[in-house]
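Data block below; observations after.
The values are calculated or read from the model by the stated rules, or taken from the named source; none is laboratory data. Keep in mind it's a predicted model, so treat the numbers as computed, not measured. Note: ideal-geometry Cβ built from the backbone for every residue, glycine included; neighbour counts use all protein chains shown. Side chains are part of the model used for accessible areas, which takes the heavy atoms of the whole protein and leaves out ligands, DNA and RNA. Shrake-Rupley method; radii C 1.70, N 1.55, O 1.52, S 1.80 Å.
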Amino acid sequence: MIRRILIAVPVLFGITIINFMIVKLAPGNPVDMMINPSSSPENLEAMKLKMGLLDPIWMQYVKWLNQLFQGNLGYSIKTFEPVGQMIGDRMGPTLLLMGSALLIGLVIAIPIGICSALKQNTALDHLSTGVSFLGISIPPFFLGLAFIYIFALVLKILPTGGMSSLGGDGGAGDLIKHMTLPALVLAVAIAGRKVRYVRSSVLDILGQDYLRTARAKGLGEFVVTSKHAFRNALIPIITVVGLEVPNLLGGAAITEQIFQWPGIGQLTIQSIMSRDYPVIMGINFMIAIVVLASNLLTDLLYSAADPRIKYE
């Protein structure tokens with residue numbers, strides 16, 4: 001595992017180089033977004049010079065990297081707040097939303113996928129396949145707007161957005177009500193993708209000889225499926241769950257914007273619109289760390305699911 005961590009370090013810095021190049025080569029700059037009609041071209045050039053935007057790209061990256069080594073992600077060009085503090089304030093709500101969505105998606109996908117595999121080529125199998133394709137196909141922004149219209153505007157049982165009610169007690173019940181719709185939007189896509197993986201993994205295991213032996217010993221079908229088949233089908237399932245983190249982060253950017261959830265996704269959209277380079281780079285850096293950490297955690301879960309897998 002130490003070797004894997006050491007490999008992850010240069011990968012992380014390679015990601016920062018690519019992200020920095022993409023951010024800097026994108027059209028527009030912070031001065032253009034803050035332009036005052038009365039400002040003269042000389043004042044605009046002076047502002048760009050003060051912000052270091054006229055330096056070569058490699059020099060700008062070296063300056064950013066130097067700040068990073070000092071534990072400083074820089075300051076927002078728009079609000080002048082420390083980028084680390086801005087990301088820290090938003091990371092909690094995003095992790096809460098992502099964790100809830102992942103849990104709901106897996107609770108939906110695993111039972112449906114197992115039942116679909118056990119009832120292969122039946123009406124239940126075809127129905128679960130159709131539902132999973134539907135979950136994958138519906139865009140998150142459309143599903144989010146549809147949920148707001150149905151549950152918030154028509155039925156009036158859930159709030160349209162935010163993380164807490166204005167003037168409310170801010171308790172767990174209020175938080176759950178606000179989190180329900182965005183978590184369900186993300187969970188629908190997760191469940192749609194995972195049903196097919198769970199079904200395929202369980203089908204690969206069901207035909208193995210050791211399951212026939214277990215049945216021949218008189219073990220019930222529930223025990224055979226839950227204790228023997230499902231555990232051995234966990235390896236590919238763990239893999240796709242680990243790969244779900246980037247998808248969740250991408251989906252959260254849209255979902256948080258729709259539901260005004262104060263997380264990293266909403267901050268990302270706002271920073272892109274204002275060309276707030278330090279915030280964009282800080283977010284990209286933190287997301288890269290989260291994704292790499294999820295990959296390392298996935299490797300550790302392999303050994304927990306299958307004792308035959310050992311890490312030196």
Integer Hz, Karplus 6.51/-1.76/1.60 couplings in order for region 252-259, x for Gly and Pro: 5, 4, 6, 5, 5, 5, 5, 9
Highest average packing first - 9-22, 173-186, 73-86, 248-261, Cβ atoms within 10 Å: 248-261, 173-186, 73-86, 9-22
Exposure of Ile283 as accessible area (Å², to 10), given a probe of 1.4 Å and all protein chains: 0 Å²
Within the accessible area of the chain (1.4 Å probe), percent carbon and sulfur: 68 percent
Principal semi-axes in Å for the chain [√(5λ), Cα gyration tensor, largest first]: 44, 26, 16
Cα centre as origin, Lys/Arg/Asp/Glu Cβ charges: the chain dipole, Debye: 900 debye
The chain - accessible surface per residue (Å², probe 1.4 Å): 55 Å²
Phi to ³J(HN,Hα) by Karplus 6.51 cos²θ - 1.76 cosθ + 1.60 over region 236-241, Hz, x for Gly, Pro: x, 5, 4, 4, 6, 5
Net charge contributed by nearby residues that have their C-beta within less than 13 Å of Gly192 (K/R +1, D/E -1): +3
Leading residue at positive end of dipole, the chain (Cβ point charges), from Leu118, Ser271, Leu219: Leu219
Point-charge dipole on Cβ atoms (K/R +1, D/E -1) for region 46-129, about Cα centre, debye to 20: 240 debye
Rounded to whole Hz, the Karplus (6.51, -1.76, 1.60) HN-Hα couplings of region 152-162, x for glycine and proline: 9, 8, 8, 7, 6, 10, 9, x, 6, x, x
Structure-based [θ]222 nm, the chain - -39500 (n - 2.57) summed over DSSP H runs of at least 4, per residue, nearest 500: -23500 deg cm²/dmol
Distant-in-sequence amide H partners of Tyr75 (H built 1.01 Å from N, under 5 Å): Val83
Residue among Val290, Val198, Val154 with the largest mean-square fluctuation in a Gaussian network model of the chain, springs linking Cα atoms under 10 Å: Val154
